[in-house]
Amino acid sequence: MGYHRAGFDTIVGWDLEPIADYPFDLIVGDITTITPDYLEGFDAVHISPPCQSQTALTKGTNKGREYPNLIPFARDLVAAWGGPAVIENVQGSEIRRDLVLCGEMFNLSVIRHRYFEVSGFTATAPAHVPHRGRVAGYRHGAWYDGPYFAVYGDGGGKGTIPQWQQAMGIDWTSDRKNLAEAIPPAYTEHIGHYLNRAVADARQEAAA
């Protein structure tokens, strides 16, 4: 949605499973079957590899469980294709921190730090202003107020679906799982403005 708001008129998603309420065209399939030739019809590519192999939970509480790490595949794919691309993953992941975005940068009620590795164009992050307080919820049996919601999981006073929607800036789905796995569209809208300019510049160069 963020890329659409940044001016991209055709968005095509790809996921292993159907996504409830996905607002654009969606192809259901294994991403590892995508080839550089397939990407030739697109101006830009964004890949968010599954984060389970990168999360602190997997590295701690769930240590020992096996999850696929598709970050190397994503890097190889976009490098072979050669166009402007974004790879996104969670805080602490192995991707480059070309941009680190936070909900506070966009006046959202989530912190939700995410790393973005960009290639074929440049982008800068807004200033990372200090957080305004705690994430609301229970910690060790005690309730803490705060300006942010933890948009994941089911317990700990994590917030209602409307609160999650408002916090994330997402109004097209009420599916709790999809809200929990999403990134705020403000992030990709911010990156998308840089990306759109890069695409426009490349077209001008090709036409010259």
Query raised in the report: Within the range 163-177, is even one residue of a type in the set (V, I, T), more than 22 Å from C51 (Cα to Cα) and either surrounded by fewer than 16 Cβ atoms within 10 Å (Cβ to Cβ) or touching a residue at least 60 places away in the same chain (Cβ under 8 Å) (or both)?
Result: no
Report task. Would you mind finding the one in G92, G103, G153 that is small (G, A, S), in contact (Cβ under 8 Å) with a residue 60 or more places away in the chain and out of contact with any Gly (no Cβ under 8 Å at 6 or more places or on another chain)? Result -> G103
Query raised in the report: How many of the residues making up the range 1-37 are of a type in the set (S, T, Y) and under 23 Å from A200 (Cβ atoms)?
Result: 2
Query raised in the report: Within the range 105-120, is there a residue that is part of a helix (DSSP H, G or I) and buried (at least 16 other Cβ atoms within 10 Å of the Cβ)?
Result: yes
Query raised in the report: Any chance the range 78-88 includes a residue that's in a loop (DSSP other than H, G, I, E, B), under 18 Å from the mean Cα position of the chain (by Cα) and either at pLDDT 95 or above or not hydrophobic (A, V, I, L, M, F, W, C) (or both)?
Result: yes
Report task. Filter the range 165-208 down to residues that are under 16 Å from the mean Cα position of the chain (by Cα), in a helix (DSSP H, G or I) and among the hydrophobic types (A, V, I, L, M, F, W, C) and give me whichever is farthest from C102 (Cα to Cα). Result -> L195
Query - Residue that is without any contact (Cβ under 8 Å) to a residue 24 or more places away in the chain and of a type in the set (S, T, Y), where the choices are Y148, Y144, Y194 - result: Y144
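The values are calculated or read from the model by the stated rules, or taken from the named source; none is laboratory data. No experiment lies behind these values; they were computed from the predicted model shown. Here the Cβ is made from the backbone with ideal geometry for all residues, glycine too, and neighbour counts use every protein chain on show.
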